[in-house]
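**Student:** Sharing a structure, written as structure tokens. Questions coming.
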């Protein structure tokens, strides 16, 4: 995108441009030249659920709610050790949610990427 120069502004207001010209100030104001355009918020491509500081029951509820939404994939952070890491691995393999899960691969020692079957 090309920046506006003094001639462009003068053409827009139909008068000679000077920074003190009231018409030029109005054009600048209407074009919002004095404000910055905020960067768009970058949303994650898929849900991220962190089990840290949650009980086993809360983690199960969070995972069940995720299954209800059925995104294509999600990242689950269990932590590198602890009961929720063990429970999550069990849930993926041997629970009522396992038929919904297409794959589960470790991203590192405490987080996993899960992919879900398509809704049918």
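**Student:** Give the distance, in whole Å, between the Cα centre of the stretch 45-66 and the Cα centre of the stretch 90-120.
**Tutor:** 13 Å
**Student:** According to a simple spin-label model (label point 7 Å from Cα along Cα-to-Cβ), what is the distance in nm between residue 108 and residue 3?
**Tutor:** 4.1 nm
**Student:** Now, a different point. Nearest 0.05, what FRET efficiency do residue 81 and residue 118 give at R0 = 30 Å with Cβ-Cβ as r?
**Tutor:** Values: r = 34 Å, r/R0 = 1.12.
E between residue 81 and residue 118, to the nearest 0.05, is 0.35.
Read-outs: derived from the displayed coordinates by stated rules, not from any lab. Keep in mind that this is a model prediction, so the values were computed, not measured. We place every Cβ from the backbone using ideal geometry, glycine too, and count neighbours over all the protein chains shown.
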